[in-house]
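Trainee: This is the structure, below, for whatever I ask next.
The values are calculated or read from the model by the stated rules, or taken from the named source; none is laboratory data. Small disclaimer: the values here were computed from a predicted structure and weren't measured. In this analysis, Cβ positions are derived from the backbone assuming ideal geometry, glycine residues included, and neighbour counts consider all displayed protein chains.
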Amino acid sequence: MVNIETELLQPIELGHNPSRRRAEVWIDFDGPVGIVRRRIARVRWNPKNQWNTVDPVYKCVGALTNMDEETGEFYGCPWGCYALFSFKKFKADFSTPVPQIIDESVLKDDFRRARKRTRRSWVRNGVIGDPSLSWETTLDLCDIEHRMDLIPVVFTRQWLDPSRSQVKEMVDYDVHLHLTICAMDSDEFLAPREEMVRSFLRHGGRVVLRNVTFHFDDTTDEGLRLWEKQDRLMRGDFGVFGDLGPEVLENPARLIRGKKQRNPTWKVLGDWAYFKAPTTKDHKFSRHNHNRTAGVLYDQPACWVGCRQCPVQCLTRDMQQRLDEF
């Protein structure tokens, strides 16, 4: 039995050499495949993020997408899911979502301590799983954050659509909804996300299109088509009411590359434009980092430097506040 009082704000790091001993606290390895336990949701961090992250749901159905036809291996979303990569190292299942337990008293203590550590007034919901896979759990968590004068920032691929009442509830809790999309998403995939933008704006909510960007191979017709689509998504020119539209945040893709990594996305990219990515923790270059990126491609706010140094802070501050704080 884990003592939740002694576990407060203890980091679960999914770095280059994940610790199985630490993982045994929240993954059951008794069977042939590791299974995530249902536990009390806690405020945590990982090497990229600050002490202001919570997972209402662990794991994600996106793990069963982006398959390499030659090997049958799944890479998750087009940019390659690092959480999925880490779970493979653990030999643990990542495709079956597990909603966590929301204990208000525990979370309030966590948030108080986290606020002292970070001086941040917002919380990232969704790191090692997608909050949309249990909107009910996610909304219970956002309710607590809102009552503690924290801004709930929800990161999602929107695998499941919220109901109308849940959309209104999110707006009431001042949720900043970050919909993660990219040009490699099909029109069928994007359609309900576009409707979500309209619905959120219609209710007076704040929605951010978090566009994961790539440098496509512009010597091919397919590459040019994807560039055009990416440009359109970066303009955010859908789901608008007059001059009202979604905010847009560029998220340059960081793709794992190695001898055993065959992410199909590389087939449509301009390989020459990619370089070894700086670390997400301190934005320094390391020979141990196997990620490749093309960097920032647009003259717009971008999720690029490490979270601690980032002036954008997931668009939870206006520009003057960002300058004053940093």
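Trainee: Is there a residue being in contact with a helix residue (DSSP H, G or I) (Cβ under 7 Å, 6 or more places away or on another chain), within 29 Å of Leu201 (Cβ to Cβ) and not in a loop (DSSP other than H, G, I, E, B) anywhere in segment 93-105?
Mentor: yes
Trainee: Check Arg235, Arg257, Arg193 and return the single one that is among the basic types (Lys, Arg), surrounded by 20 or more Cβ atoms within 10 Å (Cβ to Cβ) and either in contact with a strand residue (DSSP E or B) (Cβ under 8 Å, 6 or more places away or on another chain) or farther than 24 Å from Gly80 by Cα (or both). Let's see the steps before the verdict.
Mentor: Working: Arg235 fails: surrounded by 20 or more Cβ atoms within 10 Å (Cβ to Cβ); Arg257 fails: surrounded by 20 or more Cβ atoms within 10 Å (Cβ to Cβ).
Being among the basic types (Lys, Arg), surrounded by 20 or more Cβ atoms within 10 Å (Cβ to Cβ) and either in contact with a strand residue (DSSP E or B) (Cβ under 8 Å, 6 or more places away or on another chain) or farther than 24 Å from Gly80 by Cα (or both) holds for just one of Arg235, Arg257, Arg193, which is Arg193.
Trainee: Among the residues of segment 169-176, is there at least one that is under 19 Å from Asn211 (Cα atoms), in a strand (DSSP E or B), modelled with pLDDT of 95 or more and touching a strand residue (DSSP E or B) at 6+ places or on another chain (Cβ under 7 Å)?
Mentor: Restricting attention to segment 169-176, the residues satisfying the condition of being under 19 Å from Asn211 (Cα atoms) are 175-176.
When the remaining residues are screened for being in a strand (DSSP E or B), the result is 176.
Adding the requirement that they be modelled with pLDDT of 95 or more leaves 176.
From the residues that got through so far, the ones that are touching a strand residue (DSSP E or B) at 6+ places or on another chain (Cβ under 7 Å) too are 176.
The answer is yes; a qualifying residue exists.
Trainee: Return the total of residues in segment 80-112 being touching a Phe, Trp or Tyr at 6+ places or on another chain (Cβ under 9 Å) and more than 23 Å from Ala23 (Cα to Cα).
Mentor: 0
Trainee: Now for a separate question. Which one is nearest to Arg317 (Cα to Cα) among residues in segment 248-278 that are touching a residue at least 40 places away in the same chain (Cβ under 8 Å) and in a loop (DSSP other than H, G, I, E, B)?
Mentor: Within segment 248-278, the first condition is being touching a residue at least 40 places away in the same chain (Cβ under 8 Å), and the residues that meet it are 248-256, 261-265, 268-271, 273-274.
Imposing the further condition that a residue be in a loop (DSSP other than H, G, I, E, B) reduces the set to 253-254, 261-263, 270, 274.
Working: Ala253: 23, Arg254: 25, Gln261: 37, Arg262: 38, Asn263: 35, Gly270: 34, Tyr274: 31 Å.
By that ranking, first place goes to Ala253.
Trainee: So which of Phe111, Phe90 is under 22 Å from Pro32 (Cβ atoms) and either touching a residue at least 40 places away in the same chain (Cβ under 8 Å) or buried (at least 21 other Cβ atoms within 10 Å of the Cβ) (or both)?
Mentor: On the way: Phe111 fails: under 22 Å from Pro32 (Cβ atoms).
Just one listed residue meets the conditions, Phe90.
Trainee: Which residue is surrounded by the fewest Cβ atoms within 10 Å (Cβ to Cβ), if the candidates are limited to segment 57-87 and must be part of a loop (DSSP other than H, G, I, E, B) and touching an Asp or Glu at 6+ places or on another chain (Cβ under 8 Å)? Spell out how you get there, then give the answer.
Mentor: Quick first cut of segment 57-87, residues part of a loop (DSSP other than H, G, I, E, B) only: 60, 65-66, 68-73, 75-81.
Now restrict to residues that are touching an Asp or Glu at 6+ places or on another chain (Cβ under 8 Å): 60, 75, 78.
Numbers: Cys60: 28, Tyr75: 23, Pro78: 21.
Residue satisfying both the conditions and the ranking: Pro78.
Trainee: Quick one: Val153 ticks every box in (1) farther than 19 Å from Pro56 by Cβ; (2) touching a Phe, Trp or Tyr at 6+ places or on another chain (Cβ under 6 Å); (3) surrounded by 22 or more Cβ atoms within 10 Å (Cβ to Cβ) bar one, so which box is it?
Mentor: Of everything listed in (1) farther than 19 Å from Pro56 by Cβ; (2) touching a Phe, Trp or Tyr at 6+ places or on another chain (Cβ under 6 Å); (3) surrounded by 22 or more Cβ atoms within 10 Å (Cβ to Cβ), Val153 misses just condition (1).
Trainee: Name the residues in segment 191-209 that are in a helix (DSSP H, G or I) and touching a residue at least 24 places away in the same chain (Cβ under 8 Å), would you?
Mentor: Narrowing segment 191-209 to residues in a helix (DSSP H, G or I): 191-202.
The answer is Pro192, Arg193, Glu194, Glu195, Met196, Val197, Arg198, Ser199, Phe200, Leu201, Arg202.
Trainee: Six or more apart or on different chains, Cβ under 6 Å: which pairs go from a residue in segment 221-247 that's more than 16 Å from Pro301 (Cβ to Cβ) and among the small types (Gly, Ala, Ser) to one that's assigned to a loop (DSSP other than H, G, I, E, B) and at pLDDT 90 or above? Could you list them?
Mentor: Correct list of pairs: Gly223/Asp217.
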